[in-house]
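Visitor: The structure follows.
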Amino acid sequence: MDRVFGEITTSHYVVLSALIFAVGLCGVVTRRNAVVILMSLELMLNGANLAFVAFSRHHANLQGQVFVFFVIAVAAAEAAVALAIIIALNRVKGGVSIDDATELRG
Amino acid sequence: MDPWTFWLGGALTLVGGMLAVTRKNAVASVMWLVAAFVGMSALFLGMDAGFIGVIQVLVYAGAILILFVFVIMLLNLTPSGLLRIDRPRFVTLGLASALAFVALIVAVVTGGALWTGAAGGEGGIIRRTGEPQLLEGSVLAVADQLFRHHLLPFEIASVLLLVAIVGSVALTKRKL
């Protein structure tokens, strides 16, 4: 208990980042509204970012923070394209449920 | 570092994330996600990563999530279309995989000390390698690192954003 509630170490941040990632994972697997799935994905990216910054501080190396910068840039691009796809999906299928888009299942 | 920053920021992020994932109304989901990202920003600031903490609020909460709200409003998603809960058999599957993932990370971090009851000390793989140095993630330090060592990836990221803009316009336009 002392180790958990005492001094905040890098391990605390890594476990928290795993928890945030797991919450996002639950969202991606269970929801079927495409917009909410995309939001859960952003949450997973954020969990990874937290681990990056924690290890960056742990090793006193700023490259982890630079990587987070690039992750955020890619996440912005990904969100823009994915939302465009969702708009196109809504136009074709009349909804944003991913159960409507099953053509690739074969 | 201040433990309160960690506990409060972490609680806000986790609770916000859980609520965002479970809300039936997509707009409520976005708002809880904003709360989660603000908590995440507090965590970054607690780790002296000032620049990342600020762009977390500016870019994530300020730009990306507003884009989500914009699209939800644009599509005019009726709540009835959002209300259908969501694949019950996948809920157990999702919870199981999430639990397994967290258990794996905890096992790695603690070196199995939680299960074997080994006297803690230096368990796990995350050890201090020497004296912790002061690391200031200020704009100056990050910009120095970014433009001195990662200039090419930075320029490629700008091209990526340009491609994303053009791609989004091309995808959403009815007639090109």
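Visitor: Magnitude of the Cβ-charge dipole of the protein assembly as shown, K/R +1 and D/E -1, about the Cα centre, nearest 20 debye? Mind showing how you got there, number by number?
Guide: On the way: 18 positive and 15 negative charges, 252 e Å.
In total the dipole reaches around 1220 debye.
Visitor: With charges only on Cβ, +1 for K and R and -1 for D and E, what is the dipole size of the range A:2-100 about its Cα centre, in debye, rounded to 20?
Guide: Values: 6 positive and 6 negative charges, 35 e Å.
Rounded to the nearest 20 debye, it is 160 debye.
Visitor: Where does the range A:1-73 land on the Kirkwood hydrodynamic radius, alpha-carbon pairs, in angstrom? Kindly include the intermediate steps, with their values, before the conclusion.
Guide: On the way: mean 1/r = 0.0758 Å⁻¹.
Computed over the range A:1-73, the radius equals 13.2 Å.
Visitor: For A:D100 and B:L99, FRET efficiency with R0 = 30 Å and r from the beta-carbon atoms, rounded to 0.05? Intermediate results must be reported in sequence, preceding the final value.
Guide: Values: r = 30 Å, r/R0 = 1.00.
The calculated FRET efficiency here is 0.50.
Visitor: Return the average number of partner chain Cβ atoms within 10 angstrom of each residue Cβ along peptide A:85-97.
Guide: On the way: counts 4, 7, 6, 6, 2, 5, 3, 0, 0, 1, 5, 7, 4.
Average per residue, whole number: 4.
Visitor: I would also like to ask the following. Rounded to the nearest whole Å³, what is the per residue volume of the convex hull around the Cα atoms of the range B:1-86?
Guide: Working: hull volume 5.9 nm³, N = 86.
Hull volume over Cα atoms, normalised by residue count, gives 68 Å³.
Visitor: Percent of alpha carbon pairs in the protein assembly as shown separated by more than 26 Å? Don't jump to the answer; show the numbers that get you there.
Guide: Values: 18725 of 39621 pairs.
The proportion of pairs with Cα distances above 26 Å equals 47 percent.
Visitor: Let me ask something else. Give the cross-link partners of B:K24 among the lysines, using a straight C-alpha distance below 25 Å as the criterion and excluding same-chain residues fewer than 8 apart.
Guide: By straight Cα distance, B:K24 reaches A:K93.
Visitor: Another one. What is the mean number of Cβ atoms from other protein chains located within 10 Å of the Cβ atom of each residue in peptide B:165-176, rounded to a whole number?
Guide: Details: counts 4, 0, 5, 10, 2, 3, 10, 7, 2, 2, 0, 0.
Mean number of neighbouring Cβ atoms from other chains: 4.
Each reported figure results from applying straightforward, stated rules to the coordinates on display, with no laboratory input. The shown structure was predicted, so the numbers you read here are calculated from the model rather than taken from an experiment. With ideal geometry, Cβ positions are generated from the backbone for all residues, glycine too; neighbour counts draw on all protein chains shown.
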